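Contents: one structure, followed by commentary.
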Amino acid sequence: MKLPIALLCLAGAAVPLSGCVAVAAFPAAGAAVISTTQKNQRKAKEKKRKPASPASGAVVLTGLKELPPPDGTTVAPPSTPPVAGKVPPGMQYLYGSGEAAALSYQAYLGVIDTIIAKSSDRAVGQTVFSVVLKPGATLEAPAFESCDKKPLAVVLDIDETALLNLGYEADDSQRGGPYDQLRWERWEKTGANAVVATPGMIELARVAKASGVTLVFNSNRMAANAKETEAALTGAGLGPVEHLRNLWLQGDAGTGGAKDARRSAIAAKYCVIAMAGDQLGDFSDLFNTPNLDPVTRRALAQGRAVKMLWGHGWFVLPNPVYGTGLKGDLDTVFPRDKRWVDPGPVSAAPVTPPVSGPVEVK
């Protein structure tokens, strides 16, 4: 399908296109001859300004390398490359702010409190329950199993939960573009020395060890890179870590990135008294059911029974950088009945000038 050349410039109107120069169209007959001086003046002016949007019927040159799809779908403009040295706001918050560090400590101090409480319950013969949902349980009707005499454990996600991937995210902040799984796998293999423990994790590890509670990591890192992940966790002060003892990775149980199969395998060996993560899928795959829209998912997280688990066995850490929580359009995120329209500036009432001369006080 042939498209008017003018449309090609319009397709790139969102970003500057080098070579997109508007040229005036002339009638086929009766066109006036432009003098050389006029041409030179026009060229000088065009050099000083950016190309304007073409007028109707204009012939446009463009730097596009290919035509839009013939089915009429819109070609997405290329993403704006990041500015060297600048960091996206979400990364500024998660990796650089005191607020994120405080939230992380808040979560892990809660986990520490749980360790102390549940260890004490176990010591005096109280029944301790797992916080992993029983098979067949739902978010509307959660159910849990007693632990009997299984050793106590805390289950944690790794990335942006136990570890902050400073090296990877610093590199990513200067790249832009879509997520690249192969680059992430290269990071898993080579980035062990460029991570740090999340604020509060070192203290949690010390209390857990002193209390006889095992830290078990359940991550979507690849099982093929288990040795490198062991090294990353141990190097950050969270070891010793051993694959399939207290480290479970994608490919160890179940398929894909779903974690319930791994959680069940862990719960078969340990009494899981707390879980921590930065995505709802770190607690149950039911939060990631296909076609679950953000409004429904948010409601599930606030359900009558589930909401009581937050801070009481389930602990969430902030992550505004990536993950399952970053979705939703205007109507999804902001309810229509809670919109506000700025009425505009209100003129100040005129001020009465002070009365000159003495004022009689009655």
Exercise for review: Just flag the chymotrypsin sites (Phe, Trp or Tyr not before Pro) in the stretch 277-341 sitting in loop per DSSP whose Cβ has no more than 10 other Cβ atoms within 10 Å.
Suggested key: TRP340
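Pairs of Cα atoms under 8 Å, at least six residues apart: use those to get the relative contact order of the stretch 138-276, whole percent. Kindly include the intermediate steps, with their values, before the conclusion.
Values: 180 pairs, mean separation 49.1, N = 139.
Worked out over the stretch 138-276, it gives 35 percent.
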Study note, to complete from the structure: Note on the stretch 197-286: contact order normalised by length, alpha-carbon pairs under 8 Å, 6 or more apart, percent, works out to 25
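Give a quick list of GluC sites (Glu not before Pro) in the stretch 93-167 that DSSP marks as loop, anything other than H, G, I, E or B, with at most 13 other Cβ atoms within 10 Å. Could the numbers behind the result be given before it?
Numbers: sites: GLU99, GLU140, GLU145, GLU160; in loops: GLU140, GLU145, GLU160.
Of the GluC sites (Glu not before Pro), the ones in loops of the stretch 93-167 whose Cβ has at most 13 other Cβ atoms within 10 Å are GLU140.
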Practice item. Anything over 24 Å Cα to Cα? Flag those among LYS134/LYS189; LYS307/LYS327; LYS189/LYS269, in the order listed. Key: LYS134/LYS189; LYS189/LYS269
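Can you tell me, using C-alpha contacts under 8 Å and at least 6 residues apart, the relative contact order of the stretch 79-190 as a whole percent? Provide the component values of the computation, followed by the final result.
Working: 60 pairs, mean separation 40.7, N = 112.
Relative contact order, the stretch 79-190: 36 percent.
With a probe of 1.4 Å, find how much accessible area the stretch 256-348 has per residue, and write the answer as a whole number in Å². Present the calculation step by step, with values, prior to reporting the outcome.
Numbers: 5420 Å² over 93 residues.
Spelled out: the 1.4 Å probe surface of the stretch 256-348, per residue, equals 58 Å².
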Point to revise | Ranked by how many other beta carbons lie within 10 Å on average, peptides 200-208, 178-186 from highest | key: 200-208, 178-186
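The values are calculated or read from the model by the stated rules, or taken from the named source; none is laboratory data. It should be emphasised that the depicted structure is a prediction, and the values quoted were computed from it without experimental measurement. All Cβ positions, glycine included, derive from the backbone under ideal geometry; neighbour counts span all protein chains shown. For the accessible areas, the whole protein counts, side chains as well, though only heavy atoms, and no ligand, DNA or RNA atoms are used. Shrake-Rupley method; radii C 1.70, N 1.55, O 1.52, S 1.80 Å.
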